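Chemist: My structure is below; once you've seen it, I'll send some questions.
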Amino acid sequence: MPLRFLIAALRGLIAEKKTFAQAFGLEAFKLFANYKMALFFIFSMFLGGALQLTNAYGDVFLDEFKLFPVYADSFVIRYSTIIMSISQVSETLFILAIPFFLKQFGIKKVIVIAMFAWVLRFGFFAYGDPTGNLWMIVMSCIVYGMAFDFFNISGSLFVETSTTPKTRSSAQGMFMMMTNGFGAVFGSLVSGWMIDKYFTRSYSDVQSLATYAQTDAKNEHLLSFLKNKGISILENGSLSRVLDIKDWHSIWLSFTCYALIITIVFAVMFKHKHNKAEETAIKAMGH
């Protein structure tokens, strides 16, 4: 009798562990045994890092143009919220275009298009400014919709049509966790360290800061900018505290290279062809 109870207890424990794994989506980790799925999840994490970069630094990038007197009265400085809201409008519009692109190009090519859109997103930011190159900032906000929507929806469709009904929900959870979980943490930690170490300039006196801002040390806009930052100018021309300024051109260029490398490597390594399940799902999206 004790032995029977022990066996029954062990069976119950095993069943509970299985239920626990299913409840928390841990079964999805088994999908890493499949080369194509593992590759897709890994690249999802890397692209999730790109999403974190644009979410974390887009508004900050535009805000720091306030330092430069030449941009003081520009539309971007006065209405930066409106500029960034173009991204949300773009998302809405590109969602409507997804069925057409999927039907014409298939899942893999749409994912590659989404990745290349991230290259354009960062590249336009690298060379954009509030006056002569305002169109680049606007284009960056427009292609964001393609970059975000195309990857998330085509990626979700790939997971949907490449898994069994038993693992489908946990696989979708894994996809979201790799992009918005691991990818976001990866992007935040690495980009934060990289920007602080390689792309941040520190200014301790008003003259060097004025030179960088392409103005003179007594410019009213510059003095107002420092005052808003809680920084005063000492008698010897030094600032009351060091002001850190980010080199946004180099930052966005490095992000552009990062996204371009991911796009090229993914296009080469990820082997995928249309299947009937995908065609059926794409047709269903169009109705």
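Chemist: For Rg/Rh (Cα atoms, Kirkwood Rh), pick the label among (i) 0.96; (ii) 1.13; (iii) 1.06 that corresponds to the value derived from the coordinates.
Modeler: Given (i) 0.96; (ii) 1.13; (iii) 1.06, the structure-derived one carries the label (ii).
Chemist: What does region 139-206 give for Rg and for Dmax, in Å, if only its C-alpha atoms count?
Modeler: 18.2, 64
Chemist: What's the center-to-center distance, using Cα atoms, between region 42-85 and region 133-176 in Å?
Modeler: Centre-to-centre distance over Cα atoms comes out at 21 Å.
Chemist: Which length gain, in nm to one decimal place, applies between Ser169 and Ile82 when the Cα-Cα distance is subtracted from 0.36 nm times their residue separation? Kindly include the intermediate steps, with their values, before the conclusion.
Modeler: Numbers: separation 87, 0.36 × 87 = 31.32 nm, distance 3.70 nm.
Extra length from Ser169 to Ile82 when fully extended: 27.6 nm.
Chemist: Moving on to the next point. Could you check the spin-label model distance between Ser204 and Thr131? Points 7 Å from the Cα along Cα→Cβ, value in nm.
Modeler: 3.2 nm
Chemist: In what sequence, highest mean first, do 147-154, 63-70 appear when ranked by Cβ atoms within 10 angstrom?
Modeler: Working: 147-154: 23.9, 63-70: 17.0.
Output ranking for 147-154, 63-70: 147-154, 63-70.
Chemist: Label Lys109 and Lys227 with points 7 Å out from Cα along Cα→Cβ: what is the distance between them in nm?
Modeler: Computed distance between label sites Lys109 and Lys227 equals 5.9 nm.
Chemist: Then there's this: Roughly what would the spin-label model give for Val138 and Thr280, points 7 Å off Cα along C-beta, in nm?
Modeler: With each label placed 7 Å out from Cα toward Cβ, I get 4.5 nm.
Chemist: With respect to the cross-link table entries Lys66/Lys197; Lys218/Lys246; Lys197/Lys218; Lys36/Lys109; Lys103/Lys166; Lys36/Lys197, which display a Cα-Cα separation exceeding 25 Å? Show your work: numbers first, answer last.
Modeler: Values: Lys66/Lys197 23 Å; Lys218/Lys246 22 Å; Lys197/Lys218 30 Å; Lys36/Lys109 15 Å; Lys103/Lys166 27 Å; Lys36/Lys197 36 Å.
In this structure, Lys197/Lys218; Lys103/Lys166; Lys36/Lys197 lie more than 25 Å apart at Cα.
Chemist: Share of the chain's accessible area from carbon and sulfur, percent, 1.4 Å? Mind dumping the intermediate values first?
Modeler: Values: 10050 of 15560 Å².
Summing carbon and sulfur atoms, their accessible area is 65 percent of the total for the chain.
Chemist: Rounded to the nearest 0.05, what FRET efficiency do Asn219 and Phe270 have when you use their Cβ-Cβ distance and R0 = 45 Å? Don't skip to the answer; put the middle values down first.
Modeler: Details: r = 52 Å, r/R0 = 1.16.
About 0.30, to the nearest 0.05.
Chemist: Then there's this: Distance from a point 7 Å along Cα→Cβ of His249 to each backbone N in region 120-148: keep the residues under 12 Å and list them by number.
Modeler: 126-129
The values are calculated or read from the model by the stated rules, or taken from the named source; none is laboratory data. Keep in mind the model is a prediction, meaning the values are calculated, not measured. Note that we place each Cβ from the backbone using ideal geometry, even for glycine, and neighbour counts take in every protein chain shown. Keep in mind that these areas ignore ligands, DNA and RNA; they rest on the heavy atoms of the full protein, side chains included. Shrake-Rupley method; radii C 1.70, N 1.55, O 1.52, S 1.80 Å.
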